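First comes the structure, then the notes that go with it.
Every number here is computed from the coordinates shown, using simple stated rules; none is lab data. Predicted model, so just to flag it, every value in this text is computed and none were measured. Quick reminder, even Gly has a Cβ in these numbers, built from the backbone with ideal geometry, and neighbours come from all protein chains shown.
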Amino acid sequence: MSTTPNRPSAVPSHLDRRGFLAAAAVSAAGAAGASGRAPSVSAGLPLPSPRPLAPGDDHRGPCVIASGNGRQTVQLAFDLMAKGGRPVECCVRGVKLVEDDPNDMSVGYGGLPNEDGVIQLDAACMDGPLHKAGSVGCIENIKNPASVALEVLRRTDHVMLVGEGATRFAVRMGFKEEDLHTEKSRNAWKRWRANLNDGDKWLDQDQIINFPEPWRQSDRGIGSIEPLAQARGTGGGRSTQQGGGLSSPPNDHISFDPFGNPHTYGTIHCSATNADQDVGCCTTTSGLSWKLPGRVGDSPLIGAGLYCDNAVGSAGATGRGESVIQTLGSFWIVEAMANGMSPTEACLAACKRIVDRTREPRMFNENKRPRFSVTFYAVRKDGAYGTASILKGGHAAVCVGEGAVRVNSEFLYE
């Protein structure tokens with residue numbers, strides 16, 4: 001099968017107007033910029049030409065930014081920081097509100113399960129002053145994985161615990177095991193399973209990637225792929241009835257298929273900087289709905305779903321996790337800010353970088369527009385903030401001390 005990418009050959013029109021340029025290098029003076037940090041390993045990052053300030057680029061002072069489902073999160077985190085709370089802990093406390101909310105089907109309690117009907121949660125947090133992180137992946141029966149990740153950071157010499165080990169650690173730390181399904185999430189899984197619709201995570205037969213014969217037939221066992229019908233199991237065919245009774249929670253990455261089954265990339269991210277210009281961040285998720293059991297997305301991976309550097313700032317992501325993982329999106333944004341980009345410019349450039357590096361034709365429609373989206377959020381240590389999405393429609397929640405507000409993300413494609 002050809003792997004020639006069916007992707008845009010040019011930058012989208014409204015980015016043309018902003019004049020994204022590829023720079024060979026960044027001067028030491030320019031790189032020191034807002035952060036005062038010397039040029040890093042990313043000194044050849046593409047830089048946009050000067051453009052009008054986006055909302056947040058000119059802000060200075062304490063700031064909390066989160067994904068669009070985090071208005072209560074940013075308000076609580078900001079209030080706790082004002083009382084002296086450490087940014088990372090304030091972010092974790094803030095996202096707990098969403099983890100506890102049964103109506104948000106992307107995070108924690110009531111999150112959408114994997115294809116076996118099991119809710120597996122991922123979360124991570126990172127502390128800027130210590131440059132230390134904690135993370136859990138595929139944890140089950142624990143409502144607040146971000147709080148568990150914080151305990152990994154605080155109490156262990158590890159960064160990441162997964163699966164049964166993560167659950168056992170949580171129980172030792174005093175977290176209660178409980179059923180995370182709501183009636184709504186359980187019924188959604190039952191309806192999805194009965195329909196066996198196109199929302200499952202198995203590639204169609206004509207989308208399977210076949211590498212050259214020597215690799216495919218090597219003694220590593222690669223290439224023996226069971227027939228699609230067997231891989232997907234049996235479930236009685238597709239229903240022609242519309243599902244009902246589900247409403248979309250306040251999340252930018254949830255949609256419904258023709259059968260009424262919800263689909264979400266999950267996730268809430270939160271980044272913060274305080275009056276002392278210390279930073280911290282947190283990301284938590286129930287992950288991609290109907291995912292293969294054991295799938296881990298970008299959220300618990302340091303450098304992918306979140307990253308912070310106390311000399312520069314913090315960033316995080318929601319949306320298609322696989323794309324973020326394969327470009328180390330959050331790390332890249334922080335490095336871009338270190339090299340002189342504003343938070344908004346860095347988020348936009350990271351989105352463009354994902355599109356440029358997406359090579360599978362199935363990821364684009366007939367108009368060469370991506371079929372998926374990612375939204376990035378970033379805050380510089382001095383309080384400048386920004387957000388951008390691949391597709392129009394992303395949002396962020398921001399608090400700078402005057403109440404939480406909803407901010408539209410800049411974007412690449414209408």
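Once phi is turned into θ = phi - 60°, what whole-Hz ³J(HN,Hα) does the Karplus curve with 6.51, -1.76 and 1.60 give for every residue of the stretch 269-281, x standing for Gly and Pro?
Using θ = phi - 60°, the values come out as 10, 9, 10, 8, 9, 9, 5, 8, 6, 8, 10, x, 7 Hz.
Where the centre of each part is set by its Cα atoms, how far does the stretch 306-363 sit from the stretch 394-414, in angstrom?
Cα centres, the stretch 306-363 to the stretch 394-414: 17 Å.
Could you sort 362-372, 78-88, 380-390 so that the peptide with the highest average Cβ count within 10 Å comes first and the rest follow in order?
Top of the packing list down: 380-390, 78-88, 362-372.
Could you pull out every one of the lysines with an alpha carbon less than 18 Å from that of Lys132, ignoring same-chain neighbours closer than 8 positions?
Cα-Cα hits under 18 Å: Lys381.
Given H placed on each backbone N at 1.01 Å, which residues far from His59 in sequence or on other chains put an amide H within less than 5 Å of it?
Under 5 Å from the amide H of His59: Tyr385.
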